[in-house]
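Derivation of every value follows stated rules applied to the coordinates shown; laboratory data play no part. None of the values given here were measured: they were computed from a predicted structure. Every residue, glycine among them, receives a Cβ derived from its backbone with ideal geometry; neighbour counts consider all protein chains shown.
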Amino acid sequence: MTSEKIRFLILACGNTLCNDDGFGPWLAQWAEDRFQDNAEVQIISRHQWTPELAEEVAQAQSVLFIDCSVESVPGVVRLRPVEPAPDMQSIGTHQVDAAELLAMALYYYNSLPARALQLTVGAGSTELGEEFSPAVTAALPEACRLLEETVTRYLSAS
């Protein structure tokens, strides 16, 4: 692990072939376009989060995890803090969530971001397809606004 911290890491996940599950990759691409000239922002988008990403999380000053949520009301956008998972014993080896990645960053690299947040949108459909549900489509402007405000606020604070 290098000693230089990433100022702001955006870590998105989702499958673009499963309708609303493509929210994370879509928002990551939007962020790539929006912050393309800002070397302080690193963006990683994957189909799923895996343990190997714990190193990038450990190297970040701030991290924003982006995903859809099948547990939220379709189209509802949420931005909330994330804490490390309390129990390393239950962490999987192939797919992990935001709290588990934070726990792995602490356990394996003895490092955590100063700030960790998760931005989600409630999924209306995760069936096979490449289009967002009407609820998620309507929520995209709010998600973009929250992402931009969050990155700008944390970059100016540190």
Neighbour net charge for R145 - beta-carbon separation under 13 angstrom, K R +1, D E -1: -1
The chain, relative contact order [Cα under 8 Å, separation at least 6], %: 31
Two-site FRET efficiency, T152 against S72, from Cβ-Cβ distance with R₀ of 35 Å, rounded to 0.05: 0.90
Kirkwood estimate for region 38-139, i.e. one over the average of 1/r between Cα atoms, Å: 14.7
Signed unit charges on C-beta, dipole axis of region 101-157, positive-most listed residue Y108, T152, V136: Y108
Long-range amide H partners of I10 with built H, under 5 Å: Q42, I43, I44, L64
Unit charges on C-beta of K, R, D, E only; dipole of the chain, Debye: 480
Label-to-label distance, nm, for residues given as C144 and D33 (7 Å Cα→Cβ offset): 0.7
Sum of side-chain charges, A99 neighbourhood, beta-carbon under 13 Å (Lys, Arg +1; Asp, Glu -1): -4
